[in-house]
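Undergrad: Quick one: structure below, then a few questions.
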Amino acid sequence: MKSIRILAGIRGVWRAVSLPARTAGKAVSLPRNCCVYVAIFISLSIPKVFASDSIPLSNSQQKFIDELAAKLRSAGSKAVIPGADGWFFLSSDIRFLSVGEFWGADAAKVSRAHKPESADPIPAIVDFHDQLKRRGIDLLLMPVPPKAAIYPEKILPDVDLHGETAAPYLARFYDELRKREIDVVDLSPVFLQNRANEHGPVFCKTDTHWSGFGCVLAAQTIKDKIHEKLASQPQKNYAAEWKQVTIKGDLGDLAGPDAKKLEAENIVIRTISDKETGAAVTPDPNSPLLVIGDSHTLVFHDFLAEKSGLLDQVAYEIGFAPDLIGTRGSGATSVRVSLYRRAKKDPEYLAKKKMIVWCFAAREFTESDQGWDKVPVGQ
């Protein structure tokens with residue numbers, strides 16, 4: 001509606017200067033350069049929504065983004081923002097959702113990367129994809145959506161999005177990647193569909209990561225994407241068991257010593273083990289499937305719980321163990337450096353791989369201080 005009003009106003013101004021003005025019933029000629037002034041007025045009046053590479057937002061989406069930005073400003077330097085009903089959110093997640101477009105010419109304006117030339121994620125992602133493709137390896141990019149994009153009412157209870165996406169810029173960014181032949185998995189639809197499941201929320205209330213159930217949904221999504229490509233792999237039998245565990249979410253520590261102490265949180269996880277021996281799933285360096293990424297690839301496998309992480313869930317879903325390169329830090333550049341070092345140490349390592357799943361928090365697109373450097377895959 002705002003766009004329509006602006007266009008109507010522009011038409012009115014143009015009509016006023018295009019027709020002869022009248023004073024006391026007589027036509028009066030306007031200055032010859034008046035049209036130039038109108039052109040300038042029009043260019044200044046058209047909002048960002050009319051730019052060819054910009055995104056039209058609904059009133060609800062704009063309000064959501066504006067209020068997220070306001071909440072972030074009021075939080076100051078705090079790393080954690082409390083929400084409703086015992087939910088807590090990472091400030092960097094909120095910032096990511098509120099900065100607008102974060103690629104191309106806008107990247108350096110909003111990115112936290114130390115080097116402006118490393119601000120735009122697209123060149124690094126495309127370069128990584130192209131390097132892998134030349135080696136016969138498929139890339140599946142699977143960013144983890146921000147918690148507030150799946151549970152917007154927990155951060156802003158008074159804002160109603162009327163069923164529209166809470167992360168319109170992220171959705172558009174994925175379209176930009178797909179135009180460049182990047183296979184992107186957007187977990188938002190499956191997370192939104194299951195956000196009120198019997199197994200609990202898809203995110204932890206007091207932790208930055210997905211929940212045990214969210215991790216299972218991610219693994220099932222991976223299976224749907226890769227099953228046909230890797231169907232010829234020898235299968236192994238795994239056993240699965242759902243159980244409840246109590247965790248201490250990391251947002252309590254990140255909130256600082258002066259913040260209210262967060263209560264322990266009960267979540268449901270699905271533990272996976274070898275059906276014959278009961279042993280845990282371990283990464284297989286000879287596997288054709290490699291999972292790389294940030295701590296979302298490690299949570300419930302290396303910390304907070306055992307036998308229940310992404311590696312475990314993927315193994316159960318596809319019938320064989322993947323390999324894993326995970327980091328507790330950024331999943332943007334540092335994990336690709338780790339892959340390069342692995343490939344340099346073992347020159348035959350990449351020859352064994354047919355597919356790489358790259359999983360990390362979507363906020364890394366703007367919040368990684370390392371930024372998005374191009375990194376060689378191997379020698």
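The values are calculated or read from the model by the stated rules, or taken from the named source; none is laboratory data. All of these numbers come straight from a predicted model, not from anything done at the bench. Every residue, glycine among them, receives a Cβ derived from its backbone with ideal geometry; neighbour counts consider all protein chains shown. To get the accessible areas, we keep the full protein, side chains included, count just its heavy atoms, and leave off ligands, DNA and RNA. Shrake-Rupley method; radii C 1.70, N 1.55, O 1.52, S 1.80 Å.
Undergrad: Please specify each residue of region 51-64 satisfying the condition of being surrounded by fewer than 19 Cβ atoms within 10 Å (Cβ to Cβ) and either free of Cβ contacts under 8 Å to residues at least 40 places away in the same chain or assigned to a helix (DSSP H, G or I) (or both).
TA: ALA51, SER52, ASN59, SER60, GLN62, LYS63
Undergrad: Those residues that are at pLDDT 95 or above and either aliphatic (A, V, I, L, M) or in contact with a Pro (Cβ under 9 Å, 6 or more places away or on another chain) (or both), I need them from region 211-234; list them, please. It would help to see each step written out before you state the result.
TA: Within region 211-234, the first condition is being at pLDDT 95 or above, and the residues that meet it are 211-223.
Result: SER211, PHE213, GLY214, VAL216, LEU217, ALA218, ALA219, ILE222.
Undergrad: Give me the residue from region 351-374 that is under 21 Å from the mean Cα position of the chain (by Cα) and aliphatic (A, V, I, L, M) and, out of that set, nearest to LEU311 (Cα to Cα).
TA: The first filter runs over region 351-374 and keeps only residues under 21 Å from the mean Cα position of the chain (by Cα), leaving 355-374.
The next check asks that each one be aliphatic (A, V, I, L, M); those that pass are 355-357, 361-362.
Working: MET355: 14, ILE356: 13, VAL357: 11, ALA361: 17, ALA362: 19 Å.
This residue is VAL357.
Undergrad: Hey, among GLU241, GLU276, GLU228, which residue is touching a Ser or Thr at 6+ places or on another chain (Cβ under 7 Å) and more than 24 Å from ASP93 (Cβ to Cβ)?
TA: Details: GLU276 fails: touching a Ser or Thr at 6+ places or on another chain (Cβ under 7 Å); GLU228 fails: touching a Ser or Thr at 6+ places or on another chain (Cβ under 7 Å).
Of the residues listed, the single one that is touching a Ser or Thr at 6+ places or on another chain (Cβ under 7 Å) and more than 24 Å from ASP93 (Cβ to Cβ) is GLU241.
Undergrad: I've got another one for you. Condition check: modelled with pLDDT of 95 or more and buried (at least 21 other Cβ atoms within 10 Å of the Cβ). Does LEU251 satisfy that?
TA: Numbers: modelled with pLDDT of 95 or more: no; buried (at least 21 other Cβ atoms within 10 Å of the Cβ): yes.
In short, no.
Undergrad: Now, a different point. Restricting attention to region 186-199, does a residue exist that is modelled with pLDDT of 95 or more, under 15 Å from the mean Cα position of the chain (by Cα), among the acidic types (Asp, Glu) and surrounded by 15 or more Cβ atoms within 10 Å (Cβ to Cβ)?
TA: Yes: one or more hits.
Undergrad: Further, regarding this structure: For the structure I just gave you, tell me whether ASP207 is open to solvent by less than 10 Å² (accessible area, probe 1.4 Å), of a type in the set (Asp, Glu) and under 18 Å from the mean Cα position of the chain (by Cα).
TA: Details: open to solvent by less than 10 Å² (accessible area, probe 1.4 Å): yes; of a type in the set (Asp, Glu): yes; under 18 Å from the mean Cα position of the chain (by Cα): yes.
In short, yes.
Undergrad: What residue, among those in region 220-248 that are in contact (Cβ under 8 Å) with a residue 12 or more places away in the chain, more than 20 Å from LEU304 (Cβ to Cβ) and polar (S, T, N, Q), is least open to solvent (accessible area, probe 1.4 Å)? It would help to see each step written out before you state the result.
TA: As a first pass, look at region 220-248 and keep what is in contact (Cβ under 8 Å) with a residue 12 or more places away in the chain: 220-223, 225-227, 229-230, 233-248.
Cutting the leftovers down to more than 20 Å from LEU304 (Cβ to Cβ) gives us 220-223, 225-227, 229-230, 233-239.
Narrowing the set further to residues that are polar (S, T, N, Q) leaves 220-221, 233, 235, 237.
Values: GLN220: 68, THR221: 29, GLN233: 48, GLN235: 120, ASN237: 106 Å².
By that ranking, first place goes to THR221.
Undergrad: Tally time: how many residues in region 307-328 are within 12 Å of ALA280 (Cα to Cα) and under 23 Å from the mean Cα position of the chain (by Cα)? Step through it out loud before you land on a result.
TA: Taking region 307-328 and keeping what is within 12 Å of ALA280 (Cα to Cα), we get 307-309, 311-313, 315-316, 321.
Retained after the next criterion (residues that are under 23 Å from the mean Cα position of the chain (by Cα)): 308-309, 311-313.
Qualifying residue count for the region: 5.
Undergrad: Which of the following residues is on the phi > 0 side of the Ramachandran plot and touching a residue at least 12 places away in the same chain (Cβ under 8 Å): GLY309, GLY319?
TA: Working: GLY309 fails: on the phi > 0 side of the Ramachandran plot.
Answer to the check: GLY319.
Undergrad: Oh, and also: Do you know which of the residues in region 84-112 that are in contact with an Asp or Glu (Cβ under 9 Å, 6 or more places away or on another chain) and of a type in the set (Phe, Trp, Tyr) is nearest to GLU67 (Cα to Cα)?
TA: The selected residue is PHE96.
Undergrad: Of the residues that make up region 316-332, is at least one under 29 Å from ALA75 (Cα atoms) and among the hydroxyl-bearing types (Ser, Thr, Tyr)?
TA: Within region 316-332, the first condition is being under 29 Å from ALA75 (Cα atoms), and the residues that meet it are 327-332.
From what's left, among the hydroxyl-bearing types (Ser, Thr, Tyr): 327, 330.
Taking every residue of region 316-332 in turn, at least one turns out to be under 29 Å from ALA75 (Cα atoms) and among the hydroxyl-bearing types (Ser, Thr, Tyr).
Undergrad: Hey, among the residues in region 260-270 that are charged (D, E, K, R) and out of contact with any strand residue (DSSP E or B) (no Cβ under 6 Å at 6 or more places or on another chain), which one's least open to solvent (accessible area, probe 1.4 Å)? I'd like the intermediate steps shown before the answer.
TA: Going residue by residue through region 260-270, those that are charged (D, E, K, R) are 260-261, 263, 265, 270.
From the residues that got through so far, the ones that are out of contact with any strand residue (DSSP E or B) (no Cβ under 6 Å at 6 or more places or on another chain) too are 260-261, 263.
Details: LYS260: 174, LYS261: 177, GLU263: 155 Å².
Checking each candidate, the answer is GLU263.
Undergrad: Another question, if that's okay. Would you call ALA51 modelled with pLDDT of 50 or more and under 22 Å from LYS179 (Cβ atoms)?
TA: Details: modelled with pLDDT of 50 or more: no; under 22 Å from LYS179 (Cβ atoms): yes.
Considered against the rule, which asks whether it is modelled with pLDDT of 50 or more and under 22 Å from LYS179 (Cβ atoms), ALA51 comes out as no.
Undergrad: Sticking with this structure for a sec: Within region 333-355, does at least one residue satisfy the condition of being without any contact (Cβ under 8 Å) to a residue 40 or more places away in the chain, more than 15 Å from GLN131 (Cα to Cα) and of a type in the set (S, T, N, Q)?
TA: Yes, that holds for at least one residue.
Undergrad: When residues of region 307-328 are filtered for being more than 23 Å from ALA343 (Cβ to Cβ) and of a type in the set (Asp, Glu), how many remain?
TA: Going through region 307-328 one residue at a time, the tally reaches 2.
Undergrad: Right, another one. Return only the number of the condition from (1) modelled with pLDDT of 95 or more; (2) out of contact with any Phe, Trp or Tyr (no Cβ under 8 Å at 6 or more places or on another chain) that VAL202 does not satisfy.
TA: With respect to (1) modelled with pLDDT of 95 or more; (2) out of contact with any Phe, Trp or Tyr (no Cβ under 8 Å at 6 or more places or on another chain), VAL202 is out only on (2).
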